[in-house]
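Report on the structure given below.
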Amino acid sequence: MMDDTKKSLEKLGINEVGSDFVSSKRFEDGGQFRFEVPGIQGPSALESLLSACDDFDLEIQRATQTKGIMFLLDSEIEEMVDLSSDIQLFLAVGPRATYDTSASVQTPEGKRIGYRLRGYDNLVYAIEDVKRAVDLGVRGILLYDEGLLYVLSKMRAEGELPPDLKFKLSAHAGCSNPASARLFECIGLDSLNPVRDLQIPMLASLRQAIDIPIDIHTENPKSTGGFIRHYEVPEMIKVASPVYLKTGGSVAKHHSWDTTDKEARQRAKQVALVRDLIERFYPEAKQSKL
């Protein structure tokens with residue numbers, strides 16, 4: 001019976017991977033990994049992060065704001081766009097269930113709906129949030145809802161949104177298996193952030209099923225487990241490349257934490273620690289440039 005099930009999955013391009021699996025997939029320049037720093041909520045923190053990267057002689061490729069576009073003034077978005085001329089900038093969609101009128105998301109059962117959108121109006125609000133960021137020059141959007149991804153990717157295909165606009169899925173969407181990963185890729189996703197605690201073989205199973213980059217947390221805030229996986233990073237690169245190594249999360253207490261200028265520098269230090277570990281244990285790994 002299990003053999004029949006595996007054959008059914010194989011027809012969909014979802015295959016079992018062995019313990020010796022190594023990813024042959026790469027970024028467009030042949031690189032295996034890039035660095036992403038999450039939780040950079042405004043221009044001041046972004047400026048401090050970039051300054052600290054210079055001090056640590058670091059190259060990062062992406063900074064992500066997680067609190068929401070709707071919490072930023074136009075002038076703040078424009079400043080962040082200007083500051084990120086050499087890196088990718090992703091801003092998160094603001095409307096989500098935790099900011100909605102629903103009390104259910106504050107309950108143990110309700111939390112399972114994550115940051116998804118409730119009802120027609122909130123879907124419209126979320127699309128408007130994205131449009132505003134796009135009009136101000138943003139070309140990277142962090143999403144929490146698969147329905148929103150479906151709509152936005154269709155709008156991009158129809159020319160209603162810029163063709164170079166990229167969509168990244170948050171770990172809060174709960175993707176944790178290769179079938180879900182393949183579904184997200186099929187409906188227009190450009191970069192996948194699976195749940196934070198997937199083991200190395202599980203990450204390999206995702207990589208086998210999809211071609212888009214996988215964004216992997218190398219560490220986490222205490223609110224999502226607090227685990228630090230720096231020593232697993234070489235294996236993450238080997239089995240899951242191309243990957244964005246999401247580093248610096250342990251500095252925050254929870255998701256959407258307002259990172260101070262001092263904490264932005266601490267996040268950069270965490271990236272430096274991971275970089276040094278890669279150089280020590282997997283020196284042949286190639287960092288991708290933008």
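The values are calculated or read from the model by the stated rules, or taken from the named source; none is laboratory data. No experiment lies behind these values; they were computed from the predicted model shown. Cβ sites come from the backbone with ideal geometry, for glycine too, and all protein chains shown count toward neighbours. Protein only, heavy atoms only, side chains kept; ligands, DNA and RNA dropped before computing areas. Shrake-Rupley method; radii C 1.70, N 1.55, O 1.52, S 1.80 Å.
Hey, among E36, E47, which residue is at pLDDT 95 or above and either open to solvent by 60 Å² or more (accessible area, probe 1.4 Å) or of a type in the set (F, W, Y) (or both)? Don't jump to the end; show me each part of the working.
Values: E36 fails: either open to solvent by 60 Å² or more (accessible area, probe 1.4 Å) or of a type in the set (F, W, Y) (or both).
Exactly one of E36, E47 is at pLDDT 95 or above and either open to solvent by 60 Å² or more (accessible area, probe 1.4 Å) or of a type in the set (F, W, Y) (or both), namely E47.
Among the residues of the stretch 16-33, those identified as open to solvent by 60 Å² or more (accessible area, probe 1.4 Å) and closer than 21 Å to N193 by Cβ are R26, E28.
Please go through the stretch 71-82 and pick out each residue that is without any contact (Cβ under 8 Å) to a residue 60 or more places away in the chain and open to solvent by 50 Å² or more (accessible area, probe 1.4 Å).
Matches in the stretch 71-82: F71, L73, S75, E76, E78, E79, D82.
Quickly run through the stretch 164-178 and pick out the residues that are without any contact (Cβ under 8 Å) to a residue 60 or more places away in the chain and either buried (at least 20 other Cβ atoms within 10 Å of the Cβ) or within 19 Å of R132 (Cβ to Cβ) (or both).
To start, the set of residues in the stretch 164-178 that are without any contact (Cβ under 8 Å) to a residue 60 or more places away in the chain comprises 164-165, 167, 169, 171, 173, 175-177.
Matches in the stretch 164-178: D164, L165, F167, L169, A171, A173, C175.
Quick grid of which residues meet (1) surrounded by fewer than 20 Cβ atoms within 10 Å (Cβ to Cβ); (2) within 15 Å of the chain's Cα centre (by Cα); (3) aliphatic (A, V, I, L, M); (4) farther than 30 Å from N15 by Cβ:
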site	(1), (2), (3), (4)
S205	no, no, no, no
H217	no, yes, no, no
G225	yes, no, no, no
I237	no, no, yes, no
L245	no, yes, yes, no
A264	no, no, yes, yes
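Highlighted here are the helices (runs of 4 or more DSSP H) found entirely within the stretch 94-211 that include at least 3 residues which are within 27 Å of R26 (Cα to Cα): 146-157, 178-186, 200-209.
Looking at I87, I69, I77, can you tell me which residue is touching an Asp or Glu at 6+ places or on another chain (Cβ under 7 Å) and modelled with pLDDT of 95 or more? Steps first, please.
On the way: I87 fails: touching an Asp or Glu at 6+ places or on another chain (Cβ under 7 Å); I77 fails: touching an Asp or Glu at 6+ places or on another chain (Cβ under 7 Å).
Only one candidate passes the filter, namely I69.
Assigned to a helix (DSSP H, G or I), at pLDDT 95 or above and open to solvent by 20 Å² or more (accessible area, probe 1.4 Å): is that true of D57 in this structure? Break it down stepwise before answering.
Details: assigned to a helix (DSSP H, G or I): no; at pLDDT 95 or above: yes; open to solvent by 20 Å² or more (accessible area, probe 1.4 Å): yes.
Here the answer is no, as D57 does not meet what is asked.
Inside the stretch 212-250, can you point out the residues that are of a type in the set (D, E, K, R) and not in a loop (DSSP other than H, G, I, E, B)? Spell out how you get there, then give the answer.
Taking the stretch 212-250 and keeping what is of a type in the set (D, E, K, R), we get 215, 219, 222, 229, 232, 235, 238, 246.
Passing the criteria: D215, E219, K222, E232, E235, K238, K246.
Look at the stretch 248-260: where a residue is at pLDDT below 80 and of a type in the set (S, T, N, Q) and a partner is open to solvent by 30 Å² or more (accessible area, probe 1.4 Å) and in a loop (DSSP other than H, G, I, E, B), sitting 6+ places away or on another chain with Cβ atoms under 6 Å, you get S256/K67.
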